[in-house]
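S.K.: Input: one structure, supplied below.
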Amino acid sequence: MTRARVLGAGVAGLCVATELVARGCKVSVVDPAPRPGPHGCSWWAGGMLAPFCEGEAAEEPVVRLGREAAGWWRRQGVAVEGRGTLVVTLGRDRRELDRFARRTEGHRMLDEAALAALEPELAGRFDRALYFPDEAHLDPRAALGHLRDRLAGEGVAFAAEPGGPADLTFDCRGLAARDVLPDLRGVKGEMAVLRAPEIRLTRPVRLLHPRFPLYVVPRGDGRFMLGATQIESDERVRRVRSVLELLSAAYALHPAFGEAELVEIGADARPAFPDNLPRLGRRGDTIHVNGLFRHGFLLAPALARMAAEAASDGTRPELWHEDHG
Amino acid sequence: MRLYGTEIASRLMLGTAQYPSPAALGEAFRRSGAGIATVSVRREAGGERAGAAFWDLIRELGVQILPNTAGCHSAREAVTTARMARELFDTNWIKLEVIGHADTLQPDPFGLVEAARILTDDGFQVFPYTTEDVVLADRLLAAGCEVLMPWGAPIGTGLGLTNIYGLRTLRAQFPDVPMVVDAGLGLPSQAAMAMEMGYDAVLLNTAVAKAGDPAAMAEGFARAVEAGRLACEADPMEPRDMAAPSTPVIGRAFLE
């Protein structure tokens with residue numbers, strides 16, 4: 001039985017550990033923190049499984065591999081809401097919606113009535129919207145906790161320090177792996193969680209804006225996660241300007257957000273390679289899984305599968321980088 | 001083209017924001033041969049030079065770096081940002097932006113002149129982002145600027161040259177000052193037109209970064225800039241109302 005050690009218990013590490021256990025490996029997970037929490041950038045994720053929308057700016061593998069995500073998370077027993085995504089613009093940016101439609105697939109344009117029927121909360125606020133019916137979302141913190149507890153229940157050891165010997169190590173440390181992957185960089189994202197029980201949005205909504213793009217993800221219980229900032233920086237500081245932008249954009253999406261309770265503000269830096277695509281690679285007995293950028297929950301399932309396959313049959317999957325191996 | 005005594009091979013300058021990835025940015029520079037990269041330092045600066053990894057990627061492009069004060073809304077902010085940029089990029093060059101209107105991102109002419117004076121006195125070589133206003137241009141030159149960067153249209157709009165008369169006038173008033181049309185360009189044809197009008201270079205960002213294929217668009221702009229420059233140097237014909245056949249009509253009977 002292969003003894004595998006996974007470094008890092010963020011979304012990448014937990015997905016890799018899950019795939020390895022499924023293939024009969026004896027797995028241990030090394031992470032300084034005992035449980036998923038605010039120390040890792042997965043904690044601050046939006047949890048949108050939106051491969052088609054991401055295709056607007058991301059390259060083709062993100063769209064294709066991301067389509068595995070919703071099914072994978074469901075098979076692990078994680079609650080996945082398959083209610084699609086809505087994309088809207090404010091009046092004077094309406095041509096942005098046509099551009100977004102041109103650059104993506106898997107959508108249809110809704111008129112005002114169809115939008116009102118689908119998401120009554122937006123009735124009368126937007127005269128049209130792009131609807132991506134096959135997209136989904138999940139609660140990232142619940143998903144991380146679920147994987148972690150199930151792995152522990154299956155005998156996976158979680159420890160702050162490496163224990164016994166391992167045949168293979170899977171380095172899923174994210175930005176912390178810059179010691180061995182020097183072309184990793186941090187891309188900062190900021191988020192806020194609001195509680196606005198009177199707003200009854202049931203699916204993620206993206207507001208296109210040339211300067212202040214926004215997404216709003218329902219988290220249930222009247223809570224909404226706001227996000228979208230993307231800044232070339234590895235700092236984890238919560239800056240006023242970004243929060244102002246997020247909150248202003250949310251207010252423009254729906255004025256009732258102005259009365260919302262501000263539950264949480266977070267910021268973290270996500271690991272990215274220069275092409276913003278994830279990479280797998282092997283160096284000795286270590287397989288690297290890194291650079292998931294803003295696509296952690298979307299791409300970790302596919303990357304985990306590919307890493308486990310590479311380990312078991314020696315194949316070199318796509319996104320495999322020799323210079324890391 | 002010489003800017004503050006430095007010879008620049010390409011008359012195309014590109015901004016470095018909003019690309020799908022740093023790799024896509026690099027490809028746009030390679031395919032276009034753009035000679036200058038503008039870099040925003042303000043937002044990415046943070047504590048402890050948190051944006052250093054991205055700046056290293058920009059430095060690796062091997063082009064002249066022109067840091068900017070994008071996002072600054074007062075002379076004081078802009079001066080502070082310029083000093084930070086000088087330290088970070090080890091250059092006296094600064095593209096000076098002082099925004100006076102949050103919605104249109106229109107320059108604040110008063111803050112711009114004030115900051116230009118302070119920075120010039122401090123040894124900076126200032127590239128002011130300005131309007132096509134001739135009086136403002138005159139004040140900026142008096143403040144010590146040796147290059148002007150008038151807008152084509154508001155930042156990020158892609159509207160092209162919205163005040164052609166104003167831009168022609170500005171060019172004609174200061175024939176010896178290097179001038180770069182900065183901001184508002186959406187299509188290569190607009191860049192070509194600016195060059196045909198005698199502008200020395202163009203600077204753009206969104207039109208390339210937000211194109212479906214940024215590298216192809218960057219190359220399109222590079223070719224347009226070259227075409228426009230060639231046309232300008234070639235002394236174009238004057239338009240006229242009367243048709244003037246290029247082949248003499250007198251011999252026509254023999255051809256039929």
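The values are calculated or read from the model by the stated rules, or taken from the named source; none is laboratory data. Predicted model, so just to flag it, every value in this text is computed and none were measured. Glycine gets a Cβ as well: all are built from the backbone with ideal geometry, and neighbour counts include every protein chain shown. SASA here: full protein model, heavy atoms, side chains in, ligands and nucleic acids out. Shrake-Rupley method; radii C 1.70, N 1.55, O 1.52, S 1.80 Å.
S.K.: Within the stretch B:208-218, can one find any residue that is at negative phi, buried (at least 16 other Cβ atoms within 10 Å of the Cβ) and in contact with a Ser or Thr (Cβ under 6 Å, 6 or more places away or on another chain)?
M.R.: So in the stretch B:208-218, the residues at negative phi come out as B:208-218.
Going one step further and asking which of them are buried (at least 16 other Cβ atoms within 10 Å of the Cβ), we end up with B:208-211, B:214-215, B:217-218.
Checking which are in contact with a Ser or Thr (Cβ under 6 Å, 6 or more places away or on another chain) leaves us with B:218.
Yes, that holds for at least one residue.
S.K.: A further question on this structure: What residue, among those in the stretch A:260-278 that are touching a Phe, Trp or Tyr at 6+ places or on another chain (Cβ under 6 Å), crowded, with 20+ Cβ neighbours inside 10 Å and not acidic (Asp, Glu), is nearest to the other protein chains (Cβ to nearest Cβ)?
M.R.: A:276
S.K.: Quick one: what pairs do we get from the stretch A:202-222, first residue in contact (Cβ under 8 Å) with a residue 60 or more places away in the chain and not assigned by TED's automatic domain parsing to the domain that holds residue A:48, second β-branched (Val, Ile, Thr) and open to solvent by 20 Å² or more (accessible area, probe 1.4 Å), C-beta under 9 Å, 6+ apart or different chains?
M.R.: Close Cβ pairs satisfying both conditions: A:210/B:157; A:210/B:206; A:218/A:202.
S.K.: If the Cβ limit is 7 Å and pairs must be 6+ apart or interchain, which residue in the stretch A:83-108 that is within 13 Å of chain B (Cβ to nearest Cβ) pairs with which residue that is in a helix (DSSP H, G or I)?
M.R.: Listed by first residue and then by second, the contacts come to A:90/A:252; A:104/A:52; A:104/A:53.
S.K.: Check off (1) modelled with pLDDT of 90 or more; (2) in contact with a Cys (Cβ under 9 Å, 6 or more places away or on another chain) for residue A:311 and give me the number that stays unchecked.
M.R.: It fails just one condition, (1).
S.K.: If I go through the stretch A:148-192 residue by residue, how many of them are surrounded by 17 or more Cβ atoms within 10 Å (Cβ to Cβ) and of a type outside the set (Lys, Arg)?
M.R.: 22
S.K.: Find the residue count for the stretch A:187-245, including only residues that are away from chain B (no Cβ under 14 Å), over 23 Å from residue A:87 (Cβ atoms) and either hydrophobic (A, V, I, L, M, F, W, C) or under 18 Å from the mean Cα position of the chain (by Cα) (or both).
M.R.: Residues that pass the stated criteria total 0.
S.K.: Here's a follow-up. Of the conditions (1) touching a strand residue (DSSP E or B) at 6+ places or on another chain (Cβ under 6 Å); (2) within 14 Å of chain A (Cβ to nearest Cβ); (3) of a type outside the set (S, T, N, Q), residue B:97 clears all except one; give me its number.
M.R.: So the condition that residue B:97 fails would be (2).
S.K.: Hey, another quick one. Please go through the stretch A:266-287 and give me each residue that is more than 23 Å from residue A:235 (Cα to Cα) and not aliphatic (A, V, I, L, M), ordered by number.
M.R.: Residues satisfying the conditions are A:281, A:282, A:283, A:284, A:285, A:286.
S.K.: Let me ask something additional. Restricting attention to the stretch A:238-259, report how many residues are open to solvent by less than 70 Å² (accessible area, probe 1.4 Å) and touching a helix residue (DSSP H, G or I) at 6+ places or on another chain (Cβ under 8 Å).
M.R.: Final tally of qualifying residues: 5.
S.K.: Something else: Return the residues of the stretch B:189-207 that are buried (at least 22 other Cβ atoms within 10 Å of the Cβ) and more than 14 Å from chain A (Cβ to nearest Cβ); say none if nothing qualifies. Walk me through it before giving the result.
M.R.: The initial filter retains those residues of the stretch B:189-207 that are buried (at least 22 other Cβ atoms within 10 Å of the Cβ), namely B:190-195, B:199, B:201-205, B:207.
Within the stretch B:189-207, B:190, B:191, B:192, B:193, B:194, B:195, B:199, B:201, B:202, B:203, B:204 qualify.
S.K.: Would you mind finding the one in A:269, A:250 that is within 21 Å of residue A:139 (Cα to Cα) and under 16 Å from the mean Cα position of the chain (by Cα)?
M.R.: Sole residue among the options that is within 21 Å of residue A:139 (Cα to Cα) and under 16 Å from the mean Cα position of the chain (by Cα): A:269.
S.K.: If you take the residues in the stretch B:39-57 that are under 23 Å from residue B:182 (Cβ atoms) and out of contact with any Pro (no Cβ under 9 Å at 6 or more places or on another chain), which one is modelled with the highest pLDDT?
M.R.: B:55
S.K.: Of the residues A:124, A:145, A:106, only one is in a loop (DSSP other than H, G, I, E, B) and surrounded by fewer than 17 Cβ atoms within 10 Å (Cβ to Cβ); which?
M.R.: A:124
S.K.: Among the residues of the stretch A:15-67, write down those that are within 14 Å of another protein chain (Cβ to nearest Cβ) and among the aliphatic types (A, V, I, L, M).
M.R.: A:57, A:58, A:62, A:63
S.K.: A follow-up question, please. Hey, can you tell me all the residues within the stretch A:168-196 that are part of a strand (DSSP E or B), of a type outside the set (Val, Ile, Thr) and under 22 Å from residue A:230 (Cβ atoms)?
M.R.: If we filter the stretch A:168-196 for residues that are part of a strand (DSSP E or B), which is where we start, we get A:168-171, A:185-195.
From what is left, the residues that are of a type outside the set (Val, Ile, Thr) are A:168, A:170-171, A:185-186, A:188-192, A:194-195.
Across the stretch A:168-196, the qualifying residues are A:185, A:186, A:188, A:189, A:190, A:191, A:192, A:194.
S.K.: Moving on to the next point. So residue A:294 ticks every box in (1) under 25 Å from residue A:24 (Cβ atoms); (2) open to solvent by 20 Å² or more (accessible area, probe 1.4 Å); (3) not in a helix (DSSP H, G or I) but one. Which box is left unticked?
M.R.: Of everything listed in (1) under 25 Å from residue A:24 (Cβ atoms); (2) open to solvent by 20 Å² or more (accessible area, probe 1.4 Å); (3) not in a helix (DSSP H, G or I), residue A:294 misses just condition (1).
S.K.: While we're here: Inside the stretch A:87-105, can you point out the residues that are of a type outside the set (Phe, Trp, Tyr) and farther than 13 Å from residue A:127 by Cα?
M.R.: A:96, A:98, A:99, A:101, A:102, A:103, A:104, A:105
S.K.: Continuing with this model, one more query. Can you pull out every residue in the stretch B:1-28 that is within 13 Å of chain A (Cβ to nearest Cβ) and aromatic (Phe, Trp, Tyr)?
M.R.: Within the stretch B:1-28, B:19 is the sole residue that qualifies.
S.K.: Continuing with this model, one more query. Give all pairs with beta carbons closer than 8 Å in which a residue from the stretch A:162-178 that is within 22 Å of residue A:188 (Cβ to Cβ) meets a residue that is at pLDDT 90 or above and β-branched (Val, Ile, Thr); count only pairs at least 6 apart in sequence or on separate chains.
M.R.: Partner pairs satisfying both residue conditions: A:172/A:6; A:172/A:16; A:172/A:289.
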